[in-house]
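What follows is a short report on a single structure.
Nothing in this text is a laboratory measurement; each read-out follows from the coordinates by a stated rule. This one's a predicted model, so the numbers in the text were calculated from it and none came from an experiment.
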Amino acid sequence: MNLITSCGSGDYCLALTVSLLGGALRLQAQGLPALPYIINGACQLECCRLGGWSTSFSRLPLYAVPGGRAGAHDTIPTRTSFTADSTVVVVQRFGVAVPDEPVPQRYRESRALAAGDTVYLVRYEGEDWFTAIVRGQQHKVYAFWSGRPGMSRPPATRTYGHVVKDLETEWWVHVRWSGDHVGWINMTHVSSVHGPDGCSE
């Protein structure tokens, strides 16, 4: 893993390398995958539909890899049809939630939690359900806190803890159009595309 591509003085470079290595080792020790973490086949829509999509009033930048920070290498024009053939969710930052008191097992799939447990949120599944890592093991966890991430809840909803760090994910889709034009589009905040939501179209 290439952690450093360029840096200044030797002392600063060494300190930065040690810091990044320490962070990666801490994640591994807690049973967490390295970041960015790619979840193949995942989608942020409940009725995700691949196949024929089209742009409307905005152009779409096309990137070489999902979740990267390099600039776009191509652009899909407005009012253009293209094909979406695969989808991933990229976790850029794990969320962290901590129970302030014991969390009872509300549903069969959601385990009970002890006060002070560190719950690492990996992916939002919808309807307030999360894939999470607790004590090095992956579990389904139902939201036990108020506010984000998750759904809005009535003020009187019983809560058992709080969120320390919000979950940061991106939804990327691999597409092809007009012959040899291929790449990834970041659909996280895009609304000017027809086709992806099978529930509304």
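Both radii are taken from the alpha-carbon atoms of segment 93-137; with Rh as the Kirkwood radius, Rg/Rh is 0.93. Taking only the Cα atoms of segment 47-168, the radius of gyration and Dmax are 18.7, 53 Å. Its residue count N sets the reference 2.2 N^0.38 Å, and the alpha-carbon radius of gyration of segment 24-118 equals 1.55 times that reference. Computed from backbone phi with θ = phi - 60° and the Karplus coefficients 6.51, -1.76 and 1.60, the 3J(HN,Hα) list for segment 117-127 is 4, 9, 10, 8, 8, 9, 8, 8, 9, x, 6 Hz; x is used for glycine and proline.
Can you check what the Kirkwood hydrodynamic radius comes to for segment 95-166, Cα pairs only, in Å to one decimal? Taking every pair of different Cα atoms in segment 95-166, averaging 1/r and inverting gives 11.9 Å.
For segment 132-201, the fraction of C-alpha pairs more than 17 angstrom apart is 66%.
So how much slack lies between Gln137 and Ser81, counting 0.36 nm per residue of separation and subtracting their Cα-Cα distance, in nm?
Numbers: separation 56, 0.36 × 56 = 20.16 nm, distance 4.26 nm.
Difference between extended and current length: 15.9 nm.
Under a 5 Å amide H cut-off, with hydrogens placed 1.01 Å from N, Thr118 pairs with Arg135 among residues at least 5 apart or on other chains.
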